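*Asks:* Sharing a structure with you now.
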Amino acid sequence: MLAKTVRDVEVAVQRGKVGPSVRSSFQAVALLVREERDRVKAEPMSEARRSEQMKRIDGVATVLARTAARDGSLLALLAEDNGLHEGTASLMREMRQAAGIESPPEEEVKEKAAPTAREERRVIPQSVKSRQLLNPFLEPDFSAPPPPATRSRTLSTWELLGPLLRSFEEASGGATSCMELPPPVSLLAPGGRELMHHQAQVIAAAKEGHRTFLLADEPGLGKTAQSLLAAEAAGAFPLLVVVPNVVKTNWAHEASLWTPNRPATVVHGDGDNIDAFSDIVIVNYEILDRHVGWLGNLGFRGMVVDEAHFIKNKTSQRSRHVLELSERIRKRTVRPLLMALTGTPLINDIEDFLAIWEFLGWIGDKEPGPALMDSLEQIGMTPVDFDFYPNARQSVIDMGIVRRRKVDVAADIPARRIADLPVELDGPIGRSIRDAERVLARRLVKRYESALEARTKGVVVQGIDHALVRQVAQWERQDTDGDKNSDENVFTMMRRIGQAKAGLAADYAAQLSRNVGKVVFFAKHIDVMDTAEETFTQRGIGFSSIRGDQTPKARAKAIESFLTDDSCQIIVCSLTAAGVGLNLQVASNVVLAELSWTDAEQTQAIDRVHRIGQDQPVTAWRVIAAQTIDAKVAELIDGKAGLAARALDGSDEEVSSSVDVQLEALVLLLTEALSNAT
């Protein structure tokens, strides 16, 4: 028994899959080998028998040592002062019981006394405690009985997960990976916002009672809105949303637009400032370990996992947390709404989708769930039959796979559009930028007040003198022209914001490249481009670069690499060096890491992709630092160019100059400061 278990551990380590169960098995075998060695030494038996037993024990120990040499972290499990890993004690009891050996009673206590690192990190925000005090006896939801499942007979002895994966790899025959969707009930969302036809179909499916979706639409097709409105249609509130950090703020923004009557709260750090009474709780993967305890007890009726390919590795901590939360929600709520969002095509790394299917409840750890098994039984075939595979594939798709490409719904969406991606600047950098903005605002207020006092006596001003505000802004801009290196002027602040956004923008571009292929990344400053390229290098993503100091030969080589080399997924471009004269229509997604001062410069960048020969709608993802002057500048550009009210129309007309936007940004900053002061 020990030999078989240690061989399984060795194989897992060789494959690089060292998860909690592997660690538990390794520690259990190591401890039981010690026990068995002591038992063989103590029990009366012939020397020949003892020698044979010790030889077998040494063989197991040799495999343990060889395995630990491959992964040094396993050695820590053998330290005398190390407690039992989670699951080790129960595994040891099971193995002893199978061997007819009684377990010591104190072992269970020993395991409970050794909390794991993740348990030590867990927190319960005060707002959550308040909610729990108001509702200490949260009852399970039994409002709707689960659908009856046919008892498996024909397939009960078959291993089915492998054949299900093969059905997607080998049996597609060019068929679409999209369930049949009902016609839209309405194209209007709460607040009068208009939905696209393909978005309304998913919402209609949720309204009709479908409760699990693998929503794999390409980026730019509105998966966030579909998820929020599907939750509204299904009555799946409170709703838990697990997302990458880079889109956390954007989710809160989208919730305010699409479900304005459903308050949303975003979990930062230890969650000290959250509102646990909100209908939508948004948390990022990176801090999920701290909050998984109370999240599992809050009574969620729905859960959305954005960029769901993040949980592809079932042994990773974040995957375990997501699967744990999904299971706890399913146990408490009958037929909750569960949605996994990803733009990654299903034909890529299909094994990665086992964790997503398990999150949705379609499969268990080793076999299909009841509903999917019932569907497979109705096929009336087994994996030895050729026709089993296309039918099995369709059975999985009917569980809730929805995959639409831009080109499939081109009639629904404009030829090109801008999608804003708000990001939160956390930590010291974010605080320093906000502090610098406050310093600039105070300087403007002081200048305004001095000018007001210097006026001829007898002049009475009611409220804010907007003419004087504009004059002060003009003085500030003129002074800035002579000193662009000051720490508290509009130029340096926008540059620092660009530097702070660089990593987040690059992270999003990396996600896009995985989801849709080639991406064009634009930035104004060299240091932002450097940060992006470092990020792509760390992620193992191929890229090329267009900069102002390149020779024509190097520039041509970089462009050719992006256009023809499948391994070159991203081209990093300078707005000034690559804003004109390039044809990059091999991509349909653009990331604007820094804002331009004019709409014309922004449009020129997007036109590198939206050109003759482009056969897909183009989406430009504009990364904006929330709660900073960055957001104000974006609003001003939109107001000048009309981008807030319409998709891009392709006009190259320069509606406003950079001077206009800089001046208006200062006017807005001073006006807000004076309004807050009064």
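The values are calculated or read from the model by the stated rules, or taken from the named source; none is laboratory data. Because the structure is predicted, anything quoted here is derived from the model rather than measured. Positions of Cβ are backbone-derived with ideal geometry, glycine not excepted, and every protein chain shown enters the neighbour counts.
*Asks:* Looking only at region 381-410, which residues are assigned to a loop (DSSP other than H, G, I, E, B) and free of Cβ contacts under 8 Å to residues at least 24 places away in the same chain?
*Replies:* First, the residues of region 381-410 that are assigned to a loop (DSSP other than H, G, I, E, B): 381-387, 399-400, 403-405, 410.
The answer is 381, 384, 385, 386, 387.
*Asks:* Please note which helices (runs of 4 or more DSSP H) are completely contained in region 278-363 and include at least 3 residues that are free of Cβ contacts under 8 Å to residues at least 40 places away in the same chain and either surrounded by 23 or more Cβ atoms within 10 Å (Cβ to Cβ) or assigned by TED's automatic domain parsing to the domain that holds residue 235 (or both). Show your work before the answer.
*Replies:* On the way: elements: 288-295, 317-332, 353-360.
In region 278-363, the matching helices (runs of 4 or more DSSP H) lie at 317-332.
*Asks:* Could you tell me which residue of region 396-407 is farthest from residue 343 (Cα to Cα), considering only residues that are surrounded by 16 or more Cβ atoms within 10 Å (Cβ to Cβ) and not β-branched (Val, Ile, Thr)?
*Replies:* The residue in question is 399.
*Asks:* Among residues belonging to region 268-310 that are under 15 Å from the mean Cα position of the chain (by Cα) and at pLDDT 95 or above, point out the one that is farthest from residue 233 (Cα to Cα).
*Replies:* Only one residue tops the list, namely 283.
*Asks:* Any residue at all in region 456-477 that's acidic (Asp, Glu) and at pLDDT below 80?
*Replies:* no
*Asks:* Can I ask one more? (1) modelled with pLDDT of 85 or more; (2) buried (at least 23 other Cβ atoms within 10 Å of the Cβ); (3) within 31 Å of the chain's Cα centre (by Cα): which one isn't true of residue 670, the others all being true?
*Replies:* Result: residue 670 fails condition (3) only.
*Asks:* Just to be sure before I move on: is residue 540 more than 29 Å from residue 639 (Cβ to Cβ) and free of Cβ contacts under 8 Å to residues at least 24 places away in the same chain in the structure I sent?
*Replies:* yes
*Asks:* Let me ask another. Answer with yes or no whether residue 220 is surrounded by 15 or more Cβ atoms within 10 Å (Cβ to Cβ), more than 27 Å from residue 327 (Cα to Cα) and at pLDDT below 80.
*Replies:* Judged against the criteria, residue 220 is a match.
*Asks:* Still on this structure, I have one more. Out of curiosity, is residue 251 in contact with a Ser or Thr (Cβ under 7 Å, 6 or more places away or on another chain), in contact (Cβ under 8 Å) with a residue 12 or more places away in the chain, within 24 Å of residue 211 (Cβ to Cβ) and among the aromatic types (Phe, Trp, Tyr)?
*Replies:* Yes: the conditions hold for residue 251.
*Asks:* Filter region 15-72 down to residues that are touching a residue at least 40 places away in the same chain (Cβ under 8 Å) and outside any helix (DSSP H, G or I), then give me how many there are.
*Replies:* Counting residues in region 15-72 that are touching a residue at least 40 places away in the same chain (Cβ under 8 Å) and outside any helix (DSSP H, G or I) gives 4.
*Asks:* Now for a separate question. Would region 180-200 turn up any residue that is of a type in the set (A, V, I, L, M, F, W, C), within 21 Å of residue 369 (Cα to Cα) and not in a helix (DSSP H, G or I)?
*Replies:* Looking through region 180-200, none of the residues is of a type in the set (A, V, I, L, M, F, W, C), within 21 Å of residue 369 (Cα to Cα) and not in a helix (DSSP H, G or I).
*Asks:* Can you name every one of the strands (runs of 3 or more DSSP E) wholly within region 493-602 that holds 2 or more residues which are touching a Phe, Trp or Tyr at 6+ places or on another chain (Cβ under 6 Å)?
*Replies:* Once the strands (runs of 3 or more DSSP E) in region 493-602 are filtered for at least 2 residues that are touching a Phe, Trp or Tyr at 6+ places or on another chain (Cβ under 6 Å), what remains is 542-546, 568-574, 589-592.
*Asks:* Would you say residue 361 is at pLDDT 90 or above and not charged (D, E, K, R)? Outline the logic, then answer.
*Replies:* Working: at pLDDT 90 or above: yes; not charged (D, E, K, R): yes.
It is true that residue 361 is at pLDDT 90 or above and not charged (D, E, K, R).
*Asks:* Ok, one more. Only one of 15, 7 is out of contact with any Gly (no Cβ under 7 Å at 6 or more places or on another chain), under 30 Å from residue 320 (Cβ atoms) and at pLDDT below 80; which?
*Replies:* The match here is 15.
*Asks:* Answer yes or no: is there a residue in region 415-423 that is modelled with pLDDT under 90, part of a helix (DSSP H, G or I) and surrounded by fewer than 17 Cβ atoms within 10 Å (Cβ to Cβ).
*Replies:* Within region 415-423 (the criterion being modelled with pLDDT under 90, part of a helix (DSSP H, G or I) and surrounded by fewer than 17 Cβ atoms within 10 Å (Cβ to Cβ)), the answer is no, since none of the residues qualifies.
*Asks:* Within region 311-340, take every residue that is at pLDDT 90 or above and of a type in the set (S, T, N, Q) and give me the one that is nearest to residue 281 (Cα to Cα).
*Replies:* 326
*Asks:* Here is a further query. Identify, please: which residue in region 165-180 is at pLDDT below 85 and under 14 Å from residue 387 (Cα atoms) and is, among those, nearest to the chain's Cα centre (by Cα)?
*Replies:* Filtering first and then ranking leaves 168.
*Asks:* One residue is enough: does region 506-517 have a residue meeting the conditions hydrophobic (A, V, I, L, M, F, W, C), touching a residue at least 24 places away in the same chain (Cβ under 8 Å), more than 19 Å from residue 247 (Cβ to Cβ) and not assigned by TED's automatic domain parsing to the domain that holds residue 246?
*Replies:* Within region 506-517, not a single residue is hydrophobic (A, V, I, L, M, F, W, C), touching a residue at least 24 places away in the same chain (Cβ under 8 Å), more than 19 Å from residue 247 (Cβ to Cβ) and not assigned by TED's automatic domain parsing to the domain that holds residue 246.
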